Amino acid sequence: MANDPEQLNVLVIDDDEDMRRLLVDVVTQRGHQALPAASAEEGVALLPLWTFQVAFLDQGLPGMEGLVLGEFLRKNNPDMTIALVTGEDAPRVERVARDLSITFIAKPFEVRQIQAVLDDAVSDAHVRSVRRHRQEDADFAPPLARFASEIEASYEMPHMPDRV
């Protein structure tokens, strides 16, 4: 199921154990895989080991604000769905989240808000999968002819551009 666009790998980072457990339960009940972390550092340590399609972040994390981590995740995975689930109601937090294309969810929240984030991520993954299948995604099938001269040099194969 790892390649199934319907199942998501979800990173859940919250220092409150009960909140973390609740978010993990909502994620797993929707048929997705959740990996919990109690701090930004724990979450970042999971990044080389997993490909996450969704991240739920608390703002007041030990060691790093959720928005800072969200900005890092956004830069490194523009397709990731990120939601800031926080009790902090400062207008600046909501504005910065919006500017970073991070969904802002205020605590206390309705479970359906979390479910909506997951459903949107599944829908987005499906659209990307269809585009790649139809080869409409520019990164799926790059035009090799543009790189033909570099291919020859990389593989030390004479006349490679002629073959491409």
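The values are calculated or read from the model by the stated rules, or taken from the named source; none is laboratory data. Every value quoted in this text rests on a predicted model; they were computed, and no experiment measured them. Backbone-built Cβ (ideal geometry, glycine too); neighbour counts: all protein chains shown. Heads up: the accessible areas ignore ligands, DNA and RNA and are worked out on the full protein's heavy atoms, side chains in. Shrake-Rupley method; radii C 1.70, N 1.55, O 1.52, S 1.80 Å.
Here the accessible area is traced with a 1.4 Å probe on the protein chains. For segment 1-69, carbon and sulfur cover 52 percent of it. When peptides 48-57, 73-82 are sorted by average Cβ neighbour count within 10 Å, with the highest value leading, the order is 48-57, 73-82.
Take the Cα of Phe109, go 7 Å toward its beta carbon, and the backbone nitrogen atoms of segment 46-60 under 16 Å from that spot belong to 53-60. Taking amide H as placed 1.01 Å from N in the peptide plane, Ala55 has its amide H under 5 Å from the amide H of Leu11, Thr81, Ile82, Ala83, each at least 5 places away in sequence or on another chain. For segment 8-63, a/c is not less than 1.5, where a ≥ b ≥ c are the root eigenvalues of the C-alpha gyration tensor, and a/b does not top b/c. That puts it in the oblate class. The overall shape of segment 1-131, judged from the alpha-carbon gyration tensor, is rounded, with an a/c ratio under 1.5. Summarising the label geometry, the points placed 7 Å from Cα in the beta-carbon direction at Arg132 and Thr51 lie 0.5 nm from one another.
Solvent-accessible surface of segment 1-142, averaged per residue with a 1.4 angstrom probe and all protein chains in place: 56 square angstrom.
In order along segment 37-49, the Karplus-derived 3J(HN,Hα) couplings, from 6.51 cos²θ - 1.76 cosθ + 1.60 at θ = phi - 60°, round to 8, 8, 8, 4, 4, 4, x, 5, 5, 7, 4, x, 9 Hz, and Gly and Pro are given as x.
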